[in-house]
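What follows is a set of notes on a single structure, which appears directly below.
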Number of protein chains: 2
Amino acid sequence: MIATGMELIDDAEMRSTARLLRTDADPTEVAARVAWSVLVEPGDGVAGALLQSLGAVEALRCAFGDMSLMPPGVAPPRALAEALDRWRPRASTRAVRDAMRSAHSVGARVLLPGDALWPDGLGDLDVHQPVLLWARGDADVLAAGTAAAIVGARAATGYGENVAAELSGDLASGGTLIVSGGAYGIDGAAHRAALGVGGATAAFLAGGVDRAYPIGHQQLFDRIRQSGVVLSEVPCGSAPTKWRFLARNRLIAAATLATVVVEAGWRSGTLNTAGHASSLARPLGAVPGPITSAASAGCHRLLREYDAVCITSARDVRELWGESDATVAPSATPDHDRTRLFDAMSTRSARETADIARRSGLSVERVRSLLGLVALDGLVAQRDDGWVRIE
Amino acid sequence: MIATGMELIDDAEMRSTARLLRTDADPTEVAARVAWSVLVEPGDGVAGALLQSLGAVEALRCAFGDMSLMPPGVAPPRALAEALDRWRPRASTRAVRDAMRSAHSVGARVLLPGDALWPDGLGDLDVHQPVLLWARGDADVLAAGTAAAIVGARAATGYGENVAAELSGDLASGGTLIVSGGAYGIDGAAHRAALGVGGATAAFLAGGVDRAYPIGHQQLFDRIRQSGVVLSEVPCGSAPTKWRFLARNRLIAAATLATVVVEAGWRSGTLNTAGHASSLARPLGAVPGPITSAASAGCHRLLREYDAVCITSARDVRELWGESDATVAPSATPDHDRTRLFDAMSTRSARETADIARRSGLSVERVRSLLGLVALDGLVAQRDDGWVRIE
């Protein structure tokens, strides 16, 4: 049993490892954030409020020792007592040291809120913002001006994987960071296509960044680390539990400008990511598919029930965040009288003005004036025996 | 040149034919409506205003003779003069008589606004309401409580035709009248499926009801007339011009509770029907398809730009007019703590409460109380060495 929060990070090896994990940050601050990453499950709102209010170091000190530091209003006493009961079973100096060691051994770095590379959008999670991110690979890709989440079912169809690849490749080659969850199916297709065009991609994992999950994506994660980044808010060694998958989905939605669901079953976990996007007021897109395909049922549900935008191209995705491609010519307003004039004419038989008037239901005068106008465009011609239409 | 409007219908044969076309209506009124059907192209707003204000007989008398009958405000003088110039080339007693004769020879009847079978919704077209409808077949099907328009591209795919048939068959067997345009592709599939389940269907044609257009649907129209109805607002002998197709589309939209587009190209004429539905405040549905299919591009456009509802089943169509099927069970709210508890347990190794607390990030007390609760459901069991999860 520890007596004060500082014991959790009061360790010489820990401080030196913290320096390796982050050369440009205060090692005590790094160690304290790591401790919080060990203590809490993702999205712990009481921890979030405490960290927002006191910072990681003081929050440790307060939570595990000097409660007189607690600012008023951070959490109701009961919620705080319950939170301490949650955190205490994990309050172990060894666990914190192990988290650092494991991360260092796989070359992971630590990203902290406020860092230049910290995804801005995560701030919208407020007290549910992660306490840190563990990152393997090239975290610089997070500096991309635009980021899109392309997510979907593991049990994807060839159609879905092709569409995911098409959208992702197009967006990535335009400089957009492709964010996804590293799963089989749509996620994998999205990551791969981004890599394929030399673009940037980031995978948010539900478990630690030291373990490949799913194991069959070991090579994909290796490739992502070459020209992208693998991220997680839980320490190395953490299993990808169901809860952590759900919590991870909020990061994908928050770290991007828009979330696009390519394929999802009726009760797919992907809809959870979509729900996060909606509650964060992020634009949500869904790719339609055949209504006979169970793999598209969740997308159609998003279109019907969640007011998702129908996505058919990378251009549609860019429009989600207000980027519009070259101006589209306004659709020509049909000129009804012209349509009726042409309907009443023939390309073979010449017709007199009165005949054209009768057939079209237009007045003789209107037919005359229209014929004059469209003759200028070369669409009709006058012969001895009347007017013909030119094809 | 006729001197008064009444000359147009002042003909003994005409009156007797009018009696045959409608046994239960004033033959002069029928003849006057037929005359207007001959005089105007569909949707003529000046004629519509005049008929609304004076009735068909007086409107004829006023337009072609005694202008002192004209009520103030029906149409600006200039618009009226232009309208007369449009109508005059067609003002022929023979044309009116021919329209009646042709209709009678093919067994067509005349439906008039105000008739019990007159589709209520057409009234929403206001002055653009048709002056009458020519009907071949069993007009009684128009008395169905609900009517849905199922329309789409001529160049439909197998997918589109199957979906159209599926929706139409399902709706028709539930008593909904299936309204469409009699064209190849989606329209044909919708009509056929309705007939196939012994349901009711109505085809609105752009040309006269005496001619099958397209000619390849001759047999289909024959079948529709057996247990449904073929309708048109233009007289027998009229060609299905482009203008009349556009005008016909407004009838399909107005005569139904909702319009569903099953497949349509990016610039499909079907979008015109959808536009009419929207401007009449009729619910509009679109069936999605693969984004790689050009035949679905127009549907996706309706979903994106026209706020169409995504349709995946007949049930979705019925919801368009507010009919809802059996109540859907609300999706179970996930119990986050339970998820975390189960995540932390194993089906093989028994774990102690403290271990489960550490793994789940829940307090020992919360774990204890949750274990007690879920044990009641038989989802976990206590052994000598701790708790296991029961699968």
Legend entry - Test: A:R244 is basic (K, R), in the same structural domain as A:G181 (by TED's automatic domain parsing) and over 22 Å from A:D126 (Cα atoms): no
Inset, instruction - Can you tell me which residue within segment A:204-255, out of those that are touching a strand residue (DSSP E or B) at 6+ places or on another chain (Cβ under 8 Å) and of a type in the set (K, R), is farthest from the other protein chains (Cβ to nearest Cβ)? - result: A:R225
Inset, instruction - From (1) within 20 Å of B:V209 (Cα to Cα); (2) in a loop (DSSP other than H, G, I, E, B), pick out the condition that doesn't hold for B:R19. - result: (2)
Inset, instruction - Report, ordered by the first and then the second residue, all pairs with beta carbons closer than 9 Å, sequence separation of six or more or different chains, a first member in segment A:243-254 that is of a type in the set (V, I, T), and a second member that is modelled with pLDDT under 95. - result: A:I252/A:T273; A:I252/A:H276; A:I252/A:A277
Inset, instruction - Please indicate, with yes or no, whether at least one residue in segment B:60-82 is small (G, A, S), in the same structural domain as B:D316 (by TED's automatic domain parsing) and farther than 14 Å from B:T201 by Cα. - result: no
Legend entry - Count of residues meeting criterion [among the aliphatic types (A, V, I, L, M), in contact with a strand residue (DSSP E or B) (Cβ under 6 Å, 6 or more places away or on another chain) and either under 21 Å from A:V234 (Cβ atoms) or in a helix (DSSP H, G or I) (or both)] in segment A:168-185: 3
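Looking at segment A:60-71, which of its residues are part of a helix (DSSP H, G or I) and over 33 Å from the mean Cα position of the chain (by Cα)?
Keep residues of segment A:60-71 that are part of a helix (DSSP H, G or I), which gives A:60-64, A:67-69.
Answer for segment A:60-71, where residues must be part of a helix (DSSP H, G or I) and over 33 Å from the mean Cα position of the chain (by Cα): A:R61, A:C62, A:A63, A:F64, A:M67, A:S68, A:L69.
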Legend entry - Options A:R86, A:R101, A:R97; residue that is within 14 Å of chain B (Cβ to nearest Cβ) and part of a helix (DSSP H, G or I): A:R86
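For the condition assigned to a helix (DSSP H, G or I), within 31 Å of the chain's Cα centre (by Cα) and of a type in the set (V, I, T), what is the one hit in A:V57, A:V74, A:V34? Outline the logic, then answer.
Working: A:V57 fails: within 31 Å of the chain's Cα centre (by Cα); A:V74 fails: assigned to a helix (DSSP H, G or I).
Testing whether each residue is assigned to a helix (DSSP H, G or I), within 31 Å of the chain's Cα centre (by Cα) and of a type in the set (V, I, T) leaves just A:V34.
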Legend entry - Count - residues of segment B:12-58 that are under 26 Å from A:S360 (Cβ atoms) and at pLDDT below 90: 1
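In segment B:282-391, which strands (runs of 3 or more DSSP E) lie fully inside it and hold 2 or more residues that are over 51 Å from the mean Cα position of the chain (by Cα) and more than 14 Å from chain A (Cβ to nearest Cβ)? Please lay out each step first, then the result.
Numbers: elements: B:284-286, B:380-383, B:386-389.
Result: B:380-383, B:386-389.
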Inset, instruction - May I ask you to list the residues in segment A:117-146 that are more than 16 Å from the chain's Cα centre (by Cα), in a loop (DSSP other than H, G, I, E, B) and of a type in the set (V, I, T)? - result: A:V131
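In this structure, does A:S168 turn out to be in contact with a helix residue (DSSP H, G or I) (Cβ under 7 Å, 6 or more places away or on another chain), more than 14 Å from A:I252 (Cα to Cα) and among the hydroxyl-bearing types (S, T, Y)?
Working: in contact with a helix residue (DSSP H, G or I) (Cβ under 7 Å, 6 or more places away or on another chain): yes; more than 14 Å from A:I252 (Cα to Cα): yes; among the hydroxyl-bearing types (S, T, Y): yes.
The answer is yes for A:S168.
Only residues that are charged (D, E, K, R) and more than 26 Å from B:V40 (Cα to Cα): list them for segment A:346-384, please. Talk me through it step by step, then tell me what you get.
Initially, segment A:346-384 is screened for residues charged (D, E, K, R), giving A:348, A:351-352, A:355, A:358-359, A:365-366, A:368, A:377, A:383-384.
Correct list: A:D377, A:R383, A:D384.
Name the residue, out of A:A135, A:A108, A:A99, that is crowded, with 17+ Cβ neighbours inside 10 Å, among the small types (G, A, S) and closer than 16 Å to A:L177 by Cα.
Numbers: A:A108 fails: closer than 16 Å to A:L177 by Cα; A:A99 fails: closer than 16 Å to A:L177 by Cα.
Going through A:A135, A:A108, A:A99 in turn, just one is crowded, with 17+ Cβ neighbours inside 10 Å, among the small types (G, A, S) and closer than 16 Å to A:L177 by Cα: A:A135.
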Inset, instruction - With respect to B:V230, determine if the residue is in the same structural domain as B:A264 (by TED's automatic domain parsing), outside any helix (DSSP H, G or I), more than 17 Å from the chain's Cα centre (by Cα) and surrounded by 24 or more Cβ atoms within 10 Å (Cβ to Cβ). - result: no
Inset, instruction - Name the one entry in B:G145, B:G175, B:G121, B:G169 that is at pLDDT below 95 and either of a type in the set (D, E) or under 17 Å from B:T259 (Cα atoms) (or both). - result: B:G145
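Could you pull out the residue among B:G386, B:G361 that is surrounded by 19 or more Cβ atoms within 10 Å (Cβ to Cβ), touching a Lys or Arg at 6+ places or on another chain (Cβ under 7 Å) and on the phi > 0 side of the Ramachandran plot? Outline the logic, then answer.
Working: B:G386 fails: surrounded by 19 or more Cβ atoms within 10 Å (Cβ to Cβ).
Only one candidate qualifies: B:G361.
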Legend entry - Test: residue in segment B:294-310 that is charged (D, E, K, R), in contact (Cβ under 8 Å) with a residue 40 or more places away in the chain, surrounded by 13 or more Cβ atoms within 10 Å (Cβ to Cβ) and in contact with a Leu (Cβ under 8 Å, 6 or more places away or on another chain): no
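The values are calculated or read from the model by the stated rules, or taken from the named source; none is laboratory data. Because the structure is predicted, anything quoted here is derived from the model rather than measured. Please note: Cβ atoms are built from the backbone with ideal geometry, for glycine as well, and neighbour counts cover all protein chains shown.
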